[in-house]
Every structure is written in structure tokens, then in C-alpha cells.
Amino acid sequence: MAVIEIEGLRKQYRQLRGERTVALDGLDLFVPEGGVFGFLGPNGAGKTTTIRCLLGLVRPTRGACRLLGVDTGSDLSRVIRRVGTIVETPALYPRFSGRRNLELLGRLHGIGPKAVGDVLERVGLAERADHLVRTYSSGMRQRLGIGAALLKDPEVLILDEPANGLDPAGIKEVRDLLRRLGDEGRTVFVSSHILTEIQHTADRVAILSRGRSVAAGSVAQVLSAGRAQGVIVRLADLTDGVTALRSAGFEAVISNHDDIRVTMPPADAARVTRALADQGLYLTELRPDEADLETVFLELTNEAGRGGAQ
Amino acid sequence: MTALLAAEIRRMTSRRLFRVVAALTVLAIVIASLIVALRSRSTSGIAGDRRFHLTALAVALEGTSPVLIIAAWLLGASFIGADWHAGTVTTLLTWEPRRLRVMMAKLAGCLTVVFLLVIAVQILLAGGLALAAAVRGTTEGVDVAWMRHTAGIALRVAVLSGVGSAIGFAIASVARNTAAALGVGFGYTVIVENLVRGLRPQWVPWLVGDNAVMFISGQSAGPSFHRTILQAGLLLVAYAVALLIVSAAVFRARDVT
Ligand SMILES: Nc1ncnc2c1ncn2[C@@H]1O[C@H](COP(=O)(O)OP(=O)(O)OP(=O)(O)O)[C@@H](O)[C@H]1O
Ligand SMILES: [Mg+2]
């Protein structure tokens, strides 16, 4: 069963002056059960809006969201006990301690102080748990928000940039936490800007641009989509190298001014070595051209941007 | 629902504004009782009776009522206004998505606390003045009828405070902001009511201010109009309920961003 199903979701915000912003423009999204699902997109792509629609906070202009099989516009309360969330910067009562905040929320679903203590421990706030939230640093607030999301021991986590404002150690902790939660069989839906983090944490990703999904699937699928395989060659004289490779029948171009990209399956790389050696050229480096999520992301979101501008 | 209500009551009582209001009124009551006691002369001479009469409590309650009602209105408006300001409405809705429930719990928490606060303040005031009367004044004229009359005033002040806080709550909840609610309240009492009094005197029986005076004191403040205490009270409650219905409908329909 799909944990999250979004179909043809459109959201148009209306401002007082009558201006309209299309935040989501026919978004389709399907998140299967279990594992970490990365939801990526540049600023203003509509990530937060999607999450708000999923949580019934914002009413879609068109389309529908289903979470754990129920329509989130009307029946969300039937499944909310199984869903932990962070929406943008988590907001809690500044004049209560972190512990009191979580206890008050927990009581709404019969969750006791013991569970609250455990969660505070887990997010590294045990020491400051009894201080007022308004004395927390923004990273500590973020940790408390993560704690609130974990408090229901949820099957599904919907997290909007959970690593926001955290230090490098905190970012790594969040990444490990997400991975662990995913490995436990929970479904973790996480929006993020930090692509390198997602690349190594997520099982599946969707890339959002201007309110539409421009790529979705397993990380490997998204990385390979639309990109020919290739190898990167480095040697002292790039121009000679390109000439030699081209005359040997390869499709080679100078990339980034300091190496050569040859379009070919990486398994055949030995042919490149020979072609160069035949011309008396010796390479200093040869490696497969592995697309990273960042490159794919920039390509996809730029294309979509240009498409939208026309 | 009870957990939700308990949380809101707890939140209301731990608000800074609530604590400041409570502390200031206690201070004011202590000072007032002291002044009353000091100025009271224990004898009645030729110059007239200069003793403090406990029977003046009714007047004291009427006199303090505007302050209490304005404080209640502020508490109501800022309670929900602060929630929007802190963004905690979003958090709460991800724990209890049924918006009507959330709003009812907030309103009920606010009304309970305001009502009890106002009752407590008045009991304290009565206690302070009773002490002053017992020590340096007189309790002459205090009988069952007087007690019933005075208790009636105190109860009506508490009810009206509740109505006031509900109205403040409703406006701030639509505006999602305390300051806007204060502006609306100020504009209404200072501008609208005075314009109506000047330009459309026949509408005066429908004004909040005039009905509030009628409800507390049983008399109309300005040009007289006929309305019993009960009628005035019901009209004010009806206004508050109407505003609350509008604000609940808005809260249910509008995006939370
Ligand atoms: N309350 C609102 N009123 C009007 N427009 C809004 C509102 N909230 C968001 N938008 C607009 O909707 C679009 C999508 O915003 P959204 O916050 O969903 O993006 P995002 O992907 O979460 O961005 P970021 O990475 O910066 O958090 C933006 O153009 C934004 O300006
Ligand atoms: Mg966002």
C-alpha cells in the first residue's frame, strides 16, 4: 500500500491584494511503505506547501492527498496518531520547558512522561529539557521539534528540512537517525536542500521544481536518467588528449577545463588507456563519471526553470 | 478533549500577561484596602458619618468592573494572538487536526481562567474591604438582601469579563494577531460607539458599551432605554456567540501557513 498518494495537486495561494501564487501545479507523488524518501527542490519549489497539504493545514485548490489511505482534507484525525511531523521551523511554546511542551502534546494521545524523557534523551536535549524553550538555540529548537515528531513512535514521519540550523555533528546525527528509522521499516518522507546528505540516506527521491515533480524513483534511477555513461580522463595536455581520443573514434570533450569526459561504458575504460598510449600520451587519472544528485538536481531544475520561463 | 483543555488552561495561567494582571490587581486591592482603612474615622460626629461602610462594596465592584473587563478582553485576544505569533497553532494541528475541537478547547480554557480570575479578584477585594470595615469602619446595613445584590453584581462582572474575553478571542483569532484585535476594539469603542451616540441615538440600545453598563448596574449610562439586566446580558452574549461562530468558520476554512 502507498503511504502517501498525491494526485494532480494544485495549490494557488491568494493574497489580500488579489495576487495569486501557484505553489503547486499538478503534482503527482507516490511514496511506498518503508524506507527513506527524499523530497528535493529549490527554494520556493513547493515542498513545504506539499507537506502542509498532506497534513490538512492547507486546502488544495485542486487534486487530493491521501495519507495512510485516508483523505487528508477530511479524515486526517483517524491516522494522525501514526504520523510524526515537522513543518518548517518547529514551533513550541516559548514559555514552557522543552519537557513540558512534549508532555502536553503527548497527553493528547495518552503518551506519558517516560516516553517524553526517552525522546529528549534521544535528541540530545536531556540536559536542557527543563529550561524554557525561549532560552534554546535554534539548533536546540530544531532538536526539540525532531523529538516531538518522534514522540508518537510513528509509522510515518513527514519531516520538512529536519536538519535546518543544525551543526555538522547534528546533521550527521539526523542523517543516521533517518536511516535507522527507515531501516526499522518506518516510512520517512523528508524534504531537503542538502543533496549530498539525501543521496546517501534516501532509498527513493522525487525532485520538485516549480510545483511539479520532474524526476522520481530510486536514487540510482534518478541519477542515471537522461545521462549517458562516461569516464573522466586526466592528463597533462588536454587538447592533445582530446584529439587523440577523437581520432580513435571516441566521443570526447574537455569538461571543467581540467579533464576530459569520454562517453562510453566505464567497463571499457581500458580502451581509452590504449588509445592514449598509442599516441605517446599517459593519463594521470581515469575514473567513471558518477553523476551526483547535485548535478542531476541542478540540470533538472534549471531545465524546468527555462521551460517555465518560455 | 480534556487533555487539550487542561493544556490550554495550563498555558493560559502561565502567560506573562495573566501573571502581571493577577499580580497588579492583588497589589491594587491591598493598597485600596489600606487607604480605605486609613481614611476611615471610627466615630460618626457632627461633621457627618466619615466611617467606611462595607455597603460601599457594591459601588467598588461596579467601579472596578471596566478595568477587569478590559483586562479580560486583552487576555482573550492575546491568548490566541500569541498562539498565532509563535506558530504553535500549526504544531497543535499536527497532533489534533480537528480544528473545531482545538478552537473550542482554547476558548474554554481562556473563559474558565478569566471567569475564575475575575471572581477571585472580587472575592479578594471584598475580603480586603471587609477587613477594613471590621477594623476601622462599619458593617452597618449588611444583610442578606445586600449580600444577594452585591453577589449579583460580582457574578455579572465575571460573566461580562467572560463575554469580553470571548470577543477579544474571536477578533484576534480571525486577525491571527493581537495588535489587530486591539485596534479593532479601540476603534469600535472610541469611534463607532461615539459616532452612533452622536449621529444615530436611536441605535444606542444596541451598543455594546451601553448594554454592558445596563447589565452591570441596571441603569443606562446615557439616554435612557428600556432593557432589563437579563435582556442586556443576553444581547451581549449573543454578540459574542455570533463573533465566535464567524471566527470558528474562518478558522476551519482558512489555510494555516
Ligand atoms: N502563505 C503563503 N501565501 C502566499 N504564497 C505562499 C505562501 N506560502 C508559500 N507561498 C508561495 O508558494 C511557493 C512555494 O512555497 P513553499 O514554501 O512551499 O516552497 P519550499 O519548496 O518549501 O521552499 P523552501 O525551500 O524555501 O522552504 C513560493 O512561491 C511561495 O512564495
Ligand atoms: Mg519550505
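Per 0.36 nm of contour for each residue apart, how much would the distance between A:ARG246 and A:GLN12 grow if the chain were fully extended, relative to their Cα-Cα spacing?
Numbers: separation 234, 0.36 × 234 = 84.24 nm, distance 5.16 nm.
Going from the current span to full extension adds 79.1 nm.
Interface size between chain B and chain A, please: total buried accessible area, 1.4 Å probe, rounded to the nearest 100 Å².
Working: alone 13840 and 16020 Å², together 27350 Å².
What B and A bury together is about 2500 Å².
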task = Whenever you get a sec, line up A:MET140, A:MET1, B:MET1 from highest to lowest accessible area (probe 1.4 Å, protein heavy atoms).
result = A:MET1, B:MET1, A:MET140
Net dipole in debye of region B:2-253 [+1 Lys, Arg Cβ; -1 Asp, Glu Cβ; about Cα centre; nearest 20] = 420
ask   = Can you give the accessible area of A:ARG210, probe radius 1.4 Å, in Å² rounded to 10?
value = 140
query = Where the centre of each part is set by its Cα atoms, how far does region A:1-51 sit from region A:138-171, in angstrom?
reply = 20
query = Tell me, what is the 1.4 Å probe accessible area of B:TYR239, in Å² to the nearest 10?
reply = 70
query = Taking a 1.4 Å probe, which of A:TYR13, A:TYR282 shows the most accessible area, and what order do the others take after it?
reply = A:TYR282, A:TYR13
request  = Kindly provide the helix-only [θ] at 222 nm of the protein assembly as shown, computed as the sum of -39,500 (n - 2.57) over DSSP H runs of four or more divided by all residues, to the nearest 500 deg cm²/dmol?
outcome  = -17500 deg cm²/dmol
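What number, in percent, do you get for the relative contact order of region B:200-250 if the mean sequence gap of Cα pairs under 8 Å and at least 6 apart is divided by its residue count?
Reported as a whole number, the value is 28 percent.
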ask   = How far apart, in nm, are the 7 Å Cα→Cβ label points at B:ARG16 and B:LEU34?
value = 2.7
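On the accessible surface of region B:2-253, probed at 1.4 Å, how many percent belong to carbon and sulfur atoms? Could the numbers behind the result be given before it?
Numbers: 8810 of 12230 Å².
Ligands and nucleic acids excluded, carbon and sulfur give 72 percent.
Could you report the protein assembly as shown's accessible area per residue, 1.4 Å probe, as an integer in Å²? Write down the numbers at each step before the final one.
Details: 27350 Å² over 567 residues.
It amounts to 48 Å² per residue over the protein assembly as shown.
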ask   = Once you put a point 7 Å from the Cα of A:SER74 and another 7 Å from the Cα of B:ILE229, both along the Cβ direction, what distance in nm separates them?
value = 4.9
note = Note to self: C-alpha centroids of region A:211-284 and region A:77-91 sit apart, in Å, by 46
request  = On each of the three principal axes of the Cα atoms of the protein assembly as shown, give max minus min coordinate, whole Å, ordered largest first.
outcome  = 132, 53, 43
Relative counts (whole %) of C-alpha pair distances in region A:75-175, using bins that are 10 Å wide = 17, 52, 29, 3
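Under 28 Å between C-alpha atoms is the cut-off here; go through chain A and count lysine pairs that meet it, provided they're at least eight residues apart or on different chains.
Details: A:LYS11/A:LYS47; A:LYS47/A:LYS152; A:LYS47/A:LYS172; A:LYS114/A:LYS152; A:LYS114/A:LYS172; A:LYS152/A:LYS172.
Close lysine pairs under the 28 Å cut-off: 6.
Normalised by the residues of chain B, what does the relative contact order come to in percent, with Cα pairs under 8 Å and at least six apart? All intermediate terms of the calculation are to be shown ahead of the outcome.
Details: 298 pairs, mean separation 67.9, N = 257.
Relative contact order for chain B comes out at 26 percent.
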remark   = With the dipole of region A:223-286 defined by +1 on each Lys or Arg Cβ and -1 on each Asp or Glu Cβ, the option from A:THR243, A:SER255, A:PRO266 whose Cα lies farthest towards the positive pole is A:PRO266
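The values are calculated or read from the model by the stated rules, or taken from the named source; none is laboratory data. Model, not experiment: these values are computed from the prediction. Backbone-built Cβ (ideal geometry, glycine too); neighbour counts: all protein chains shown. These area figures cover heavy atoms from the full protein model, side chains too; ligands, DNA and RNA do not enter into them. Shrake-Rupley method; radii C 1.70, N 1.55, O 1.52, S 1.80 Å.
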